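Undergrad: Sending over a structure as structure tokens; questions will come in a sec.
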Amino acid sequence: MVDTFTREKRSEIMTSVKSSGNKSTELKLIKTFKLYGISGWRRKYGLFGNPDFVFPKKRIVLFADGCFWHGHDCRKLIPATNKNYWIEKISRNKKRDKLVTESLIEDGWDVLRLWECKIKQKILSQKVVTKLLF
């Protein structure tokens, strides 16, 4: 099926999609940090890949990855409209995520990626909580 918007209009719409301050991920994660007593995080820290949260003293970066945009298994939903575009887009996102993770690790950062579905459920693994607390 053909996209109902022009290329320029679609670009404008996609640009308006927020990548920070997302209520389903980042803001819920902040509430979860407070629940567990996790502190020392910063936002908009200016590292490659723009991590959602940076714990500078611990050299930990945390990404709150949206399940659709980053291709998590819980979201096997691909829009019927422009299906090939979305398959390629999510594939590019996954490749970029891998590049960002590898680059940050090479620079001495510990990289954590949390899925939107787990954040919504306020589920942080014991491993993640331990890393962020100690």
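Undergrad: Sort out which residues of segment 73-100 are among the aromatic types (Phe, Trp, Tyr) and exposed (fewer than 15 other Cβ atoms within 10 Å of the Cβ), and write them in order of number. First the steps, then the outcome.
TA: Of the residues in segment 73-100, the ones among the aromatic types (Phe, Trp, Tyr) are 85-86.
Scanning segment 73-100 gives a single hit, Tyr85.
Undergrad: Follow-up. Taking segment 109-134 as the region of interest, how many residues are modelled with pLDDT of 90 or more and surrounded by fewer than 20 Cβ atoms within 10 Å (Cβ to Cβ)?
TA: Looking only at that region, the number is 3.
Undergrad: Let me ask you something else. With the structure loaded, tell me whether Leu47 is in a helix (DSSP H, G or I), surrounded by 12 or more Cβ atoms within 10 Å (Cβ to Cβ) and modelled with pLDDT of 95 or more or whether it fails that test. Quick ask: steps written out before the conclusion?
TA: Numbers: in a helix (DSSP H, G or I): no; surrounded by 12 or more Cβ atoms within 10 Å (Cβ to Cβ): yes; modelled with pLDDT of 95 or more: yes.
Answer is no for this residue.
Undergrad: Scan segment 60-71 and give yes if some residue there is in contact (Cβ under 8 Å) with a residue 12 or more places away in the chain, over 11 Å from the mean Cα position of the chain (by Cα) and either in a loop (DSSP other than H, G, I, E, B) or closer than 30 Å to Thr4 by Cβ (or both), otherwise no.
TA: No, every residue in segment 60-71 fails to be in contact (Cβ under 8 Å) with a residue 12 or more places away in the chain, over 11 Å from the mean Cα position of the chain (by Cα) and either in a loop (DSSP other than H, G, I, E, B) or closer than 30 Å to Thr4 by Cβ (or both).
Undergrad: Can you confirm whether segment 22-33 contains a residue that is open to solvent by 50 Å² or more (accessible area, probe 1.4 Å), over 25 Å from Thr130 (Cβ atoms) and at pLDDT below 90? Full working, then the answer.
TA: Here is the first cut: in segment 22-33, the ones open to solvent by 50 Å² or more (accessible area, probe 1.4 Å) are 22-23, 27-28, 31.
So of that shortlist, the ones also over 25 Å from Thr130 (Cβ atoms) come out as 22-23.
In the following step, the residues that additionally are at pLDDT below 90 were identified as 22-23.
Yes.
The values are calculated or read from the model by the stated rules, or taken from the named source; none is laboratory data. Since this is a predicted model, take the numbers as computed values, not measurements. Here the Cβ is made from the backbone with ideal geometry for all residues, glycine too, and neighbour counts use every protein chain on show. These accessible areas exclude ligands, DNA and RNA; they are computed on the full protein's heavy atoms, side chains included. Shrake-Rupley method; radii C 1.70, N 1.55, O 1.52, S 1.80 Å.
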